[in-house]
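Read-outs: derived from the displayed coordinates by stated rules, not from any lab. What you see is a predicted model; the values in this text were computed from it and never measured. Counting neighbours? That spans all protein chains shown, and the Cβs are built from the backbone with ideal geometry, glycine included.
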Amino acid sequence: MSKIFKLGVIGNPIEHSLSPFIHSRFARYENISVDYIAYKVEEDNFNEFINDFFANSLSKGLNVTLPFKKHAAEIPGSLSEEAKFIKAVNTIIRHENRFLLDSTDGKGFMEDLKSNKIDITGKNILIYGAGGAVESILYRIILDKPKSICIINRTQQKASRLVKKYQSNFQIESSINIEVNYDVVINGSSAGLTGAFIPPEKIKTNNKTCFYDLNYSLDKTPFCKWASDNSSYVFDGIGMLVNQAAYSFQLWFDVFPETGKVLNDINSIKK
Ligand code: ATR
């Protein structure tokens, strides 16, 4: 009988996670047997849970979501450069009795941009929000050399911190530049996950501007509803979710799973 590898995602809340669905499909398509479960864990029990979970020799790895991504970066083990820089981990891999710790969010985001033919090199990017979700994609965005990045956030201090941390040899700022025509507008704020999305300020865009919501839901997100009035290039975070999962799966099993079929499966249950 083939081995059944134990995998899972830990977070709180976790009830609505699509990760068990996504990883079970990846495993089925790749002919690998897995038991992937969503675990709701209290903050104080994080370390105990990790110890218990990996006590089983068939436990291969875990995904980590809110509020544990920072905690996971403190687990003794080998942190990837990216995870070290953003101080966040979404994938734990057990490798020869030690832990490898990585973040696949940025790569998943970039992969989804690529599959939607969105090229950010030389483009002006506007980002709403300055929390963990934004920091996890900024690292990869910058590697693709956009022309400029503007980060807008309710708490200005947090946007300024990111600007300072990522300041490099191109323009990155934390207030809207009215001279700039934004090519890509990304929503990484959790504001208005219900109700209407109200942009903080008037922005200049063009008829090719892409709007990308890092949030997702099986309904259209408020940001996507708002963006659809301005553009036909509107995307939510489902593609990023599936692709970050695919990169985690690859870290565990050395194979990049077929993402198109899983995306179709999810899109077919979207309203
Ligand atoms: P995540 O890891 O998902 O990014 P987070 O770190 O809590 O979660 O960040 C949430 C983001 O949404 C932050 O940019 C937050 O703004 P603050 O830094 O000012 O907290 C933003 N956000 C959440 N609720 C908001 C609201 N009601 N209005 C404006 N911004 C909000």
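If R0 is taken as 35 Å, the Cβ-Cβ distance between K220 and L143 corresponds to a FRET efficiency of 0.70.
Estimated from the Cβ-Cβ distance and a Förster radius of 25 angstrom, the FRET efficiency linking L66 and E179 is about 0.10.
If you wrap the chain in the convex hull of its Cα atoms and look at it from every side, the mean projected area works out to 14.6 nm². Only the Cβ atoms of Lys and Arg (+1) and of Asp and Glu (-1) were treated as charged; on that basis the dipole of the range 119-232 about its Cα centre amounts to roughly 240 debye.
Which log10 I(q)/I(0) values, to two decimals, does the range 119-232 give at q = 0.14, 0.17 Å⁻¹ under the Debye formula with one point per Cα? Ignoring solvent entirely, the Cα scatterers give -0.52, -0.79.
Applying 0.36 nm per residue to the separation of S232 and N31 and subtracting their alpha-carbon distance, the gain on full extension is 68.6 nm. Ordering of 27-39, 88-100 by packing is 88-100, 27-39, highest average first (other Cβ atoms within 10 Å, averaged per residue).
Residues of the range 68-88 falling in the label zone of N12, defined by backbone nitrogen less than 12 Å from a point 7 Å along Cα to beta-carbon, are 68. Exposure proxy ranking for K87, K158, K107, based on other Cβ atoms within 10 angstrom of each Cβ and starting from the fewest, stands as K87, K158, K107. In this structure the amide hydrogen of T205, modeled in the peptide plane, comes within under 5 Å of the amide hydrogens of Y182, none closer than 5 places in sequence on its chain. The peptide list 144-150, 178-184, put in order of mean Cβ contacts within 10 Å with the highest first, becomes 144-150, 178-184. Separation of the range 225-245 and the range 48-86, taken as the distance between their Cα centroids, equals 28 angstrom.
Please report how far the C-alpha centroid of the range 134-161 lies from that of the range 167-190, rounded to the nearest whole angstrom. Here the answer is 7 Å between Cα centres.
Quickly estimate the mean residue ellipticity at 222 nm for the chain, helices only: each DSSP H run with n ≥ 4 gives -39500 (n - 2.57), and the total goes over all residues, rounded to 500.
Values: 10 runs with 98 residues, N = 271.
Result for the chain: -10500 deg cm²/dmol, rounded to the nearest 500.
Bridges between two residues of the chain, per DSSP, are antiparallel at a rate of about 20%. How much of the DSSP beta bridge set in the range 119-232 is antiparallel, as a percent to the nearest 5? Percent antiparallel among DSSP bridges in the range 119-232 is about 0.
Ordering of 123-132, 159-168, 229-238 by packing is 123-132, 229-238, 159-168, highest average first (other Cβ atoms within 10 Å, averaged per residue).
Here the contact order of the chain, divided by its residue count and restricted to Cα pairs under 8 Å and six or more residues apart, works out to 16 percent.
In terms of surrounding Cβ atoms within a 10 Å radius of their Cβ, T155, T205 rank from fewest to most as T155, T205.
For the chain, a simple Cβ point-charge model (Lys and Arg +1, Asp and Glu -1, everything else neutral) yields a dipole of about 480 debye relative to the Cα centre. This ranking places K117, K60 by how few other beta-carbon atoms lie within 10 Å of each, fewest first, which gives K117, K60.
Extension gain for K40 to S80 (0.36 nm times residue separation, less C-alpha to C-alpha distance): 11.8 nm. Full extension of the chain between F49 and S268 gives 75.4 nm of extra length, using 0.36 nm per residue less the Cα-Cα distance.
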